[in-house]
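Written below as structure tokens is the structure these notes are about.
The values are calculated or read from the model by the stated rules, or taken from the named source; none is laboratory data. As the structure is a computational prediction, the values presented were derived from the model and not from experiment. Heads up, the Cβs are rebuilt from the backbone with ideal geometry, glycines too, and the neighbour counts pull from every protein chain shown. Ligands, DNA and RNA are stripped out before the accessible areas are found, and what is left, the full protein with its side chains, is counted by its heavy atoms. Shrake-Rupley method; radii C 1.70, N 1.55, O 1.52, S 1.80 Å.
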Amino acid sequence: MAKTLFEKIWSTHVVAERDEETLLYVDRVLLQENSFHAFDKIRREKRTVRNPQQTFAFSDHYVPTRNREAGLNGIADPEIRHMIELITSDTTAHDIELFGIEHRFQGILHVVGPEYGITQPGLIIAGADSHTSTHGALGAYAFGIGSSEVAHVLSTQSLWRTKPKTFHVLVNGTRRAGVSSKDIVLKLIKAIGSGGAVGYAVEYAGSTIDSMSVEARMTVCNMSIEAGARAGLMAPNQRVIDYIQGKPMAPKGESFELAKKYWQTLKSDPGCSFDLSLELNAATIQPQVTWGTNPEMVADVSGSVPDPLQEVNIEKQVRMQRALDYMGLNANQTIRSIKPDRVFIGSCTNSRIEDLRAAAAIFADQTCRIETMIVPGSQQVKRAAEAEGLHEIFERAGAEWLAPGCSMCVGINGDKLAPGQRAASTSNRNFEGRQGQGGRTHLVSPAMAAAAAITGQFEDVSQYPEAHTWNL
């Protein structure tokens, strides 16, 4: 029987089945500071970590982005310091590798995993963070889990799951200059709604997806969770295989050649069946800007904020009006008239080297009008950017060039918006209070965020002469 990519990965990891659930073998477990709940559960139940060498931990949510050269001594907030100390002591006790505050490859777990070779095609990856779906860009089935599930996986290297349905999203067509993978996935979320993929594993395919860089693929899979998906994944192509080769944890020599042969089989068979399908024409998509309080509330940069009174669904009308009230916007206000107070370029969605290159192209020989933070996704990204001189471009423009971490995406390390402040952000969520209590978040691509930093408002970067050089 013809199988989808998802079914091929799922079927090779089945340990046992009962009723509607399947016990799956888990290849990789990814942890972050909030995983202390799982370690507490293991201690209380007197369990051990079954396979520490298949578990990887990261200091990313709480690490400060400033004064990092001082290490732990540079952290003034006792709560933040305690969280970093907790994951250090927990991982040491169980012999788990920690990409901690002083690690050469420290960074956001969804950035470091792929760049270190932890992420590979055909694996099942469970992570203590909802955006674990990012790793599907390399052909893995990757999903976020809660603390109790983390404890179960740590103890048994397996997890009971109900099998999701499959959703095939085809994206074809040539993108116009300046339209990024972030714009494409935001357009998809608008089309199907923030709950449109609940219960599904979404497989992306089509000529537009095939042409994307690995970093761009990660952005799409990262934000699949914002449509309610269990996971997003893509068949590994030659670009993915080339990306993996040479990474610290990638197979070497003959083992790599054997792995490559297997990876090349990881694609949906002709004639396979999906439970749901949708096609997008990338050529019609413009740069996007969210106006509301979830990612489906998004509009073309050339468009306007919608009018709730034009919405026939009363429940949705109420949600729209609440979002406008929170965001301090008016119905029919043009997107380009919105003026951010701050810019944040970073997060597991858009903090990779290609994101920074696109931003630098906008910042070159310009000056920021508003406060701007640029936070690379990892030490590896930071080193690459500095080797190319990108940090000098940012700093000459007046932007802050900071140390790696989640930073203002989640706002729990001290980087956050003040009440009422409005941000152009390259992160993945624009929920109420996500970037600070009372903060107002507009999700955009790195180039769009950079342009807003320079002009003080949202601009159509597809009109910029350098836009044709981006493949984000």
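Things to note:
- Cβ-Cβ distances below 7 Å connect the following pairs, each with a first residue in the range 1-19 that is more than 20 Å from LEU276 (Cα to Cα) and part of a loop (DSSP other than H, G, I, E, B), a second residue that is of a type outside the set (Phe, Trp, Tyr) and modelled with pLDDT of 95 or more, and a separation of six or more residues or different chains: HIS13/LEU24; HIS13/ILE124.
- Those residues of the range 92-103 which are charged (D, E, K, R), part of a loop (DSSP other than H, G, I, E, B) and modelled with pLDDT of 95 or more, in sequence order: ASP95
- Residue match in the range 72-91 (condition: of a type in the set (A, V, I, L, M), in a helix (DSSP H, G or I) and either in contact with an Asp or Glu (Cβ under 6 Å, 6 or more places away or on another chain) or surrounded by 24 or more Cβ atoms within 10 Å (Cβ to Cβ) (or both)): yes
- Flag for VAL14 being touching a Ser or Thr at 6+ places or on another chain (Cβ under 7 Å) and of a type in the set (Val, Ile, Thr): yes
- Residue in the range 66-87 that is farthest from the chain's Cα centre (by Cα), counting only those that are touching a residue at least 24 places away in the same chain (Cβ under 8 Å) and within 23 Å of SER147 (Cα to Cα): LEU86
- Of the residues making up the range 382-432, those that are assigned to a helix (DSSP H, G or I) and in contact with a Pro (Cβ under 7 Å, 6 or more places away or on another chain) number 2.
- Test: residue in the range 378-396 that is open to solvent by less than 10 Å² (accessible area, probe 1.4 Å), of a type in the set (S, T, N, Q) and farther than 27 Å from GLY71 by Cα: no
- Qualifying residue in the range 128-141 (condition: open to solvent by 10 Å² or more (accessible area, probe 1.4 Å), in contact with a Ser or Thr (Cβ under 7 Å, 6 or more places away or on another chain), among the small types (Gly, Ala, Ser) and not in a strand (DSSP E or B)): yes
- Among the residues of the range 162-216, those that are hydroxyl-bearing (Ser, Thr, Tyr) and within 26 Å of LEU23 (Cα to Cα) comprise THR162, THR166, TYR200, TYR204.
- Those residues of the range 145-165 which are assigned to a helix (DSSP H, G or I), open to solvent by 10 Å² or more (accessible area, probe 1.4 Å) and touching a helix residue (DSSP H, G or I) at 6+ places or on another chain (Cβ under 9 Å), in sequence order: SER147, SER148, GLU149, HIS152, SER155
- LEU72 vs. criteria of a type in the set (A, V, I, L, M, F, W, C) and more than 27 Å from TYR25 (Cα to Cα): yes
- Test for ASP325: is it in contact (Cβ under 8 Å) with a residue 40 or more places away in the chain and acidic (Asp, Glu): no
- From the list VAL112, VAL49, the one residue that fits, being open to solvent by less than 30 Å² (accessible area, probe 1.4 Å) and assigned to a loop (DSSP other than H, G, I, E, B), is VAL49.
- You will find that of GLU69, GLU21, GLU33, GLU17, the residue that is modelled with pLDDT of 95 or more and surrounded by fewer than 13 Cβ atoms within 10 Å (Cβ to Cβ) is GLU17 and no other.
- Residue selected from the range 432-446 under the condition under 9 Å from THR293 (Cα atoms) and in contact with a strand residue (DSSP E or B) (Cβ under 8 Å, 6 or more places away or on another chain), by the criterion surrounded by the most Cβ atoms within 10 Å (Cβ to Cβ): THR441
- For the criterion of being part of a helix (DSSP H, G or I), more than 28 Å from ASP460 (Cβ to Cβ) and not acidic (Asp, Glu), HIS168 fails.
- Output for the range 1-58, where each listed residue is touching a helix residue (DSSP H, G or I) at 6+ places or on another chain (Cβ under 8 Å) and of a type in the set (S, T, N, Q): THR22, GLN32, ASN34, SER35, THR48, THR55
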